[in-house]
Amino acid sequence: MPGKSEGGFTLLEGMLAAVILATGLLGLASMQGFSLGRNVDANETTRVTNFAADIVERVQFNRRNAIAYNGIDTNVACTIDATAQPMARGDCDQWRNLLTGGFAAGLGGLRGQVAVAVVGPTIPPLNQNRVVVTMTWTGASGAGKIAKQRQMAITTVVAPE
């Protein structure tokens with residue numbers, strides 16, 4: 001049958017298509033692993049940011065006594081005088097318990113530090129305070145991922161009403 005031609009794939013074409021497909025699937029699998037790692041990092045960062053924002057909101061609520069929050073470190077007991085500054089002492093204790101309790105599960109070695117300094121000099125004085133919250137923790141480790149020390153700092157200015 002001289003006029004009839006057969007169409008279709010040859011063995012070589014089929015093998016080439018399989019190699020291209022396999023390469024694409026391997027690339028997709030590696031992107032999935034990378035995406036999962038970035039998702040874990042983003043989750044940690046979000047949680048730590050929320051912890052830092054918590055103490056910033058507490059300082060802003062008690063802004064007249066913002067300087068009392070200076071030197072808070074969750075690795076040591078609160079040293080704020082409970083008689084002179086009961087609200088600041090309570091905030092310190094609650095924040096410390098939040099960071100060292102079950103809410104911080106999965107964030108190895110989570111540590112929060114607060115530094116408050118008077119902003120100035122300005123004329124006329126505005127009684128503003130710069131609040132810097134520094135968070136340090138060990139990032140999660142998992143399938144082929146090495147745990148590493150991470151740090152974040154949030155800075156804001158608080159002024160009395």
Acute angle (nearest 10 degrees) that the helix 86-100 long axis makes with the longest principal axis of the chain, alpha-carbon atoms: 30 degrees
Solvent-accessible area, 1.4 Å probe, carbon plus sulfur percent, for region 40-161: 54 percent
Helix-only [θ]222 nm of the chain, DSSP H runs n ≥ 4, -39500 (n - 2.57) each, per residue, nearest 500: -15000 deg cm²/dmol
Positive-end residue of Ala117, Pro160, Gln60, charge dipole of the chain with Cβ unit charges: Ala117
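Accessible area per residue, 1.4 Å probe, Å², for the chain: what's the number?
Per residue, the chain has 66 Å² of solvent-accessible surface.
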Region 7-73: chymotrypsin sites (Phe, Trp or Tyr not before Pro) in DSSP loop, at most 16 other beta carbons within 10 Å: Phe9
In region 58-161, trypsin sites (Lys or Arg not before Pro) in a DSSP loop with at most 10 other beta-carbon atoms within 10 Å: Lys148
Three-way shape label, region 81-161, alpha-carbon gyration tensor, a/c 1.5: oblate
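The values are calculated or read from the model by the stated rules, or taken from the named source; none is laboratory data. The shown structure was predicted, so the numbers you read here are calculated from the model rather than taken from an experiment. We place every Cβ from the backbone using ideal geometry, glycine too, and count neighbours over all the protein chains shown. The accessibility values were calculated without ligands, DNA or RNA, using every heavy atom of the protein model including side chains. Shrake-Rupley method; radii C 1.70, N 1.55, O 1.52, S 1.80 Å.
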